[in-house]
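Structure first, commentary second.
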Amino acid sequence: NAGVTQTPKFQVLKTGQSMTLQCAQDMNHNSMYWYRQDPGMGLRLIYYSASEGTTDKGEVPNGYNVSRLNKREFSLRLESAAPSQTSVYFCASGGGGEKLFFGSGTQLSVL
Amino acid sequence: QKEVEQDPGPLSVPEGAIVSLNCTYSNSAFQYFMWYRQYSRKGPELLMYTYSSGNKEDGRFTAQVDKSSKYISLFIRDSQPSDSATYLCAMSQTGGTSYGKLTFGQGTILTVHP
């Protein structure tokens, strides 16, 4: 079982460039989440999707957009990358309750 | 002030030691309390999950929640080098629209040396 799969694993962007982070889960979970992890800050919620067809903002949504393509896939888009978006991005899914399963992360550097 | 405070360490202990990791929080609406373990360059994995106050034991791991003091702990007995990782506490309010909207501590880096 692959669980939660994120692509790419590493990415370097220049300021102003755009990119989409992909996430797919094979656990038939309803809810999916995007978190970012920065040193000394823990993980912070960017956007989440409680079910297919719905998305909502988390704690730090500015500069990001999301798409819940179907039940399996939840993508995160940076329209115009900024150095402040340099971070490690984690996708997670949850089948109910508070137990989340995380992907292995995307390390993004914006120069 | 952050909603969840966790001492980032780093914490270094010898193999076999008892490890105590702690978090304090300020939001009295938190009902679900979790500990995640994160190995280097990996995603967090759920280690312990507790609802409301009390203790929960799983092998060498014990999670404690004291809601009256807004304080949670994770104890690791007979620590092993394979326990070397970052430990993140996380918590959330009662379900519904709060499902999966976890608030994390900063994480504590633990090293267990042989």
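The values are calculated or read from the model by the stated rules, or taken from the named source; none is laboratory data. All of these numbers come straight from a predicted model, not from anything done at the bench. Here the Cβ is made from the backbone with ideal geometry for all residues, glycine too, and neighbour counts use every protein chain on show.
Scan the range A:35-44 for residues that are of a type in the set (Gly, Ala, Ser) and assigned to a strand (DSSP E or B) and report the count.
1
Which of the residues spanning the range A:1-58 are of a type in the set (Phe, Trp, Tyr) and either at pLDDT below 90 or under 11 Å from the mean Cα position of the chain (by Cα) (or both)?
Residues satisfying the conditions are A:Tyr33, A:Trp34, A:Tyr35, A:Tyr47, A:Tyr48.
Could you list, in sequence order, the residues of the range A:34-73 that are more than 12 Å from chain B (Cβ to nearest Cβ), within 30 Å of B:Asp7 (Cβ to Cβ) and surrounded by fewer than 14 Cβ atoms within 10 Å (Cβ to Cβ)?
Hit for the range A:34-73 is A:Asn62, nothing else.
Might you let me know whether the range A:93-100 holds any residue that is touching a Lys or Arg at 6+ places or on another chain (Cβ under 8 Å) and surrounded by fewer than 20 Cβ atoms within 10 Å (Cβ to Cβ)?
no
Checking the structure you have, find out if any residue of the range B:50-65 is within 12 Å of chain A (Cβ to nearest Cβ), crowded, with 16+ Cβ neighbours inside 10 Å, closer than 30 Å to A:Tyr47 by Cβ and not charged (D, E, K, R).
Yes, the range B:50-65 has at least one match.
Taking the stated definitions as given, is B:Ser12 under 19 Å from A:Leu43 (Cβ atoms), of a type in the set (S, T, N, Q) and out of contact with any Lys or Arg (no Cβ under 6 Å at 6 or more places or on another chain)?
Spelling it out, it is not the case that B:Ser12 is under 19 Å from A:Leu43 (Cβ atoms), of a type in the set (S, T, N, Q) and out of contact with any Lys or Arg (no Cβ under 6 Å at 6 or more places or on another chain).
Restricting attention to the range B:75-106, report how many residues are modelled with pLDDT of 90 or more and either loosely packed, with under 14 Cβ neighbours inside 10 Å or over 19 Å from B:Tyr25 (Cβ atoms) (or both).
Qualifying residue count for the region: 10.
Of all residues being in a loop (DSSP other than H, G, I, E, B) and farther than 15 Å from B:Glu5 by Cβ in the range B:15-27, which is farthest from the other protein chains (Cβ to nearest Cβ)? Just the residue, please.
By that ranking, first place goes to B:Gly16.
Considering only residues that are in a strand (DSSP E or B) and within 11 Å of chain B (Cβ to nearest Cβ), look in the range A:24-33 and name the one that is surrounded by the most Cβ atoms within 10 Å (Cβ to Cβ).
Filtering first and then ranking leaves A:Met32.
Go through the range B:28-49 and count every residue that is charged (D, E, K, R) and crowded, with 17+ Cβ neighbours inside 10 Å.
Counting residues in the range B:28-49 that are charged (D, E, K, R) and crowded, with 17+ Cβ neighbours inside 10 Å gives 1.
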